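Before any comments, here is the structure.
The values are calculated or read from the model by the stated rules, or taken from the named source; none is laboratory data. Treat the numbers as computed from the prediction; the structure is a model and nothing was measured. Note that each Cβ is placed from the backbone with ideal geometry, even for glycine, and that neighbours are counted across all protein chains shown.
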2 protein chains.
Amino acid sequence: MKHEVIQKVFKDNDFIAQQNREILGQTVCVNVMGAPGAGKTSIIQHLKKIGEVGIIEGDLATDIDAQKLRDSETSVIQLNTITGCHLNASHVQQALNKLPLKNLKWVFIENVGNLVCPSNFDLGEEIRIVVASAPQGSDKPLKYPPMFRTANIIIINKTDLDADFDYEEFEKGIRNVNTNAPILRTNCKTGKGIDELILYLKKYQ
Amino acid sequence: MKHEVIQKVFKDNDFIAQQNREILGQTVCVNVMGAPGAGKTSIIQHLKKIGEVGIIEGDLATDIDAQKLRDSETSVIQLNTITGCHLNASHVQQALNKLPLKNLKWVFIENVGNLVCPSNFDLGEEIRIVVASAPQGSDKPLKYPPMFRTANIIIINKTDLDADFDYEEFEKGIRNVNTNAPILRTNCKTGKGIDELILYLKKYQ
């Protein structure tokens, strides 16, 4: 019974994710995932300069991150999951219907901070970015393989905060489950690595 | 249907958690939770000096942390959840049955790194420690309230790694959902704060 219910949840989600792709049309949708405090909000803040951006902000509670990201040129839709550990396609569809998609080239979704559950849910995105951070340690790809397996781009953020981070171990862990995704290093305090990330994103346009 | 299945999952879990309490007897069980990379393993490594300790190590994959923690005096049981985002009482019961409980005063459980889902599952523990870390940012209690609500002790780890951490904001966020839990600061590189943590734990003996 439990197994059947889970299968139905995934099947329903995939159906709505496909609808989201149709709603998005030419707008490129990016699902930004990672553990709490990896720096997802700061990465999206920098990515606004790519132009014509809308943002969907997923959190259990508060609109702290949405407030940081909202400005006169950027629509930000807040989704609060209360106890939910991930966004699903239905959450995202509600938000897409509130965004001025005709004027947007990009929609960035900041998923709930969680290195496990969000990877199981297709939101209708074209690109998955997984944000890791140096202070979280270089063993994370080996310890949380499902999240890193489906990533299109992987970021090591906060590279200024941990001099002991082992880049070689991290990359080896990634290549164990994901042969293709580029691995970029960013520091959101200085903006280092953001232009390179934008170059990778633009390949999807 | 989905709601009924979830209710049954929690009810079954609570039943097994109660069995775990009976299995544990006088041994004090501590559930250590927190986001990936907060430093749960390093905290438990230091806590071994409290004496007569067994460890249950929860990870999606690998036995990296169990290898770090195992020594001639410490039994460590590895649980791999594969894709599971939390430990449940049934996982823990399997591990308890393998530990030499008669010789143990303490069982430390390292839960899967996740600041959302593990808080929903009673494992039969007497104490919940939530490990946050300074580089993850001081807004986390407001953004992930369920995890901090049920904590008995809250730790801010890696205090050496982020000079900008706002202790006042963090504490204010905690007190919004949890009026009682002590908030301790630790640095696992130097061992700072560990003796204070042990004093708090000993109150439960």
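Identify, please: which residue in segment B:160-175 is in contact (Cβ under 8 Å) with a residue 24 or more places away in the chain and under 21 Å from the mean Cα position of the chain (by Cα) and is, among those, nearest to the other protein chains (Cβ to nearest Cβ)? Here the residue is B:GLY173. Using the structure shown, decide if B:ALA61 is surrounded by 15 or more Cβ atoms within 10 Å (Cβ to Cβ), in contact with a Leu (Cβ under 6 Å, 6 or more places away or on another chain), within 19 Å of A:CYS117 (Cα to Cα) and within 14 Å of another protein chain (Cβ to nearest Cβ). The answer is no for B:ALA61. In segment A:31-40 there is no residue that is in contact with a Ser or Thr (Cβ under 9 Å, 6 or more places away or on another chain), among the basic types (Lys, Arg) and within 27 Å of A:ALA134 (Cβ to Cβ). Restricting attention to segment B:115-135, the residues being farther than 19 Å from B:GLN78 by Cβ and in a loop (DSSP other than H, G, I, E, B) number 4.
Taking the criterion of being of a type in the set (S, T, N, Q) and over 19 Å from B:GLN18 (Cα atoms), the residues of segment B:97-121 that qualify are B:ASN103, B:ASN114. For the residues A:LEU99, A:LEU142, the requirement of being aliphatic (A, V, I, L, M), farther than 23 Å from A:TYR200 by Cα and out of contact with any strand residue (DSSP E or B) (no Cβ under 7 Å at 6 or more places or on another chain) singles out A:LEU142.
In segment B:135-146, the residues that are facing chain A (nearest Cβ under 7 Å) form Cβ pairs under 7 Å with partners that are in a helix (DSSP H, G or I) and acidic (Asp, Glu), at six or more places apart or across chains, as follows: B:ASP139/B:GLU169. Among the conditions (1) modelled with pLDDT of 95 or more; (2) in a helix (DSSP H, G or I), A:VAL9 misses just one, which is (1). Checked against the criterion of being touching a residue at least 24 places away in the same chain (Cβ under 8 Å), touching a Lys or Arg at 6+ places or on another chain (Cβ under 8 Å) and farther than 28 Å from B:PRO135 by Cα, the candidates A:GLY113, A:GLY51 yield just one match: A:GLY51. Examine segment B:152-159 for a residue that is touching a helix residue (DSSP H, G or I) at 6+ places or on another chain (Cβ under 9 Å), outside any strand (DSSP E or B), modelled with pLDDT under 95 and more than 10 Å from chain A (Cβ to nearest Cβ), and state whether such a residue exists. Yes: one or more hits.
Table: residues versus (1) in a helix (DSSP H, G or I); (2) within 14 Å of chain B (Cβ to nearest Cβ); (3) surrounded by 14 or more Cβ atoms within 10 Å (Cβ to Cβ).
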residue: A:HIS3; (1), (2), (3): yes, yes, no
residue: A:ILE23; (1), (2), (3): yes, no, yes
residue: A:VAL30; (1), (2), (3): no, no, yes
residue: A:ILE44; (1), (2), (3): yes, no, yes
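Tell me which residues, restricted to segment A:123-144, are surrounded by fewer than 21 Cβ atoms within 10 Å (Cβ to Cβ) and in contact with a helix residue (DSSP H, G or I) (Cβ under 6 Å, 6 or more places away or on another chain). Scanning segment A:123-144 gives A:ASP139, A:LEU142. Condition first: over 11 Å from the mean Cα position of the chain (by Cα), within 14 Å of another protein chain (Cβ to nearest Cβ), assigned to a strand (DSSP E or B) and surrounded by fewer than 24 Cβ atoms within 10 Å (Cβ to Cβ). Can you find one or more residues in segment B:102-114 that meet it? No; the residues of segment B:102-114 include none that is over 11 Å from the mean Cα position of the chain (by Cα), within 14 Å of another protein chain (Cβ to nearest Cβ), assigned to a strand (DSSP E or B) and surrounded by fewer than 24 Cβ atoms within 10 Å (Cβ to Cβ).
If you check A:ILE155, A:ILE183 for being within 16 Å of the chain's Cα centre (by Cα) and in contact (Cβ under 8 Å) with a residue 40 or more places away in the chain, only one passes: A:ILE155.
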